[in-house]
């Protein structure tokens, strides 16, 4: 019998078909390796961020979704597993549920994309690769598919014209093939795709009706392919690349990333790490890529990530109603007012307000993958907390 907070269930009831369903997710999001193959990302011993807790932050009431409620009440209602609030590099508030601690691993889902984007900036600079490089000049197997005439920049900014339905709830069709290829879902019966790996699936996807670069269109296979591009350029497995270029230099603890049958890393959503690791990544971006007095990232890559997104491409994309003044750059969301976010389904966040010197990291196990109402309320909470500090 497993117990996480108020939830009790038998571990035997958890399968590869239901592991993302609540309440199983209160356990599985912290223990992905029980179901899916992983590669370890080597880290350092846990480096502690400075900490001076302000208890009033969670007891104070905030306007969230048009109503006032305390921070603690909102975090409970939004299925939060862990949260850290940092001000100028110091932890000032923390919250844990479902047996989480500051160092417990948790699946980041699409926050993995943003971490991959950071590593991409370092790899491209190290190997002298322009983001205007055609993907076909780096990878074999693109002919006939969507990526035959796409560039690395199109991958980074989600402006690939790709005929693919990003439908999280679907257990059939192209999205089911995608999840089966990444080993996140069981394969049902015999089919022509029964042995399809992640790279084979992605490179088979057809181009959409438009040209690349014209419209923001959020498609997770782009981020997975970006990981494969980084491996090809560097000659290193993605887990080792993340460790050497970001994790170890930043002082993050051990982490993992899920892999497919060919050991391809699932860079679009498979990374698990601690809430402090997430906060440290946010702090690195808030500080302009500077860590311990040295430039761990090229500061111009960080500036470009905050400000370089194509607003015209964003304005005709699917998320413009959520962030009218938004853009997407290097696998991060710029949502307006100088705020940068990494966002994952089921309620995973890094919220970075550089002007206010605030970083908020949040892990959750929201029952619905894409819950627009909870996303809006989370942003209300983040903005209110940042403005109160």
Here are some values of volume of the Cα convex hull per residue in Å³: (1) 128; (2) 195; (3) 186. Which one was computed from this structure?
(1)
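Once every DSSP H run of n ≥ 4 in the chain is given -39500 (n - 2.57) and the sum is divided by its residues, what mean residue ellipticity at 222 nm do you get, rounded to the nearest 500 deg cm²/dmol? Could you put the intermediate results ahead of the total?
Numbers: 13 runs with 115 residues, N = 389.
Helix-only estimate at 222 nm: -8500 deg cm²/dmol.
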A chain fully extended from residue 355 to residue 290 at 0.36 nm per residue, minus the present Cα-Cα distance, gains in nm 21.8 nm
Using Cα springs under 10 Å in a Gaussian network model of the chain, which residue among 223, 12, 176 shows the largest mean-square fluctuation?
12
Across 153, 266, 376, the residue with the highest GNM fluctuation in the chain (Cα network, 10 Å cutoff) is 376
Max mean-square fluctuation residue, GNM over the chain, Cα-Cα springs under 10 Å, options 105, 221, 186:
186
Full-extension gain between residue 143 and residue 131, please, as 0.36 nm times their residue separation minus the C-alpha to C-alpha distance.
2.4 nm
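Where a number appears in this text, it was derived from the coordinates with a stated rule and is not lab data. Note that the structure is predicted; figures quoted are calculated from it, not measured.
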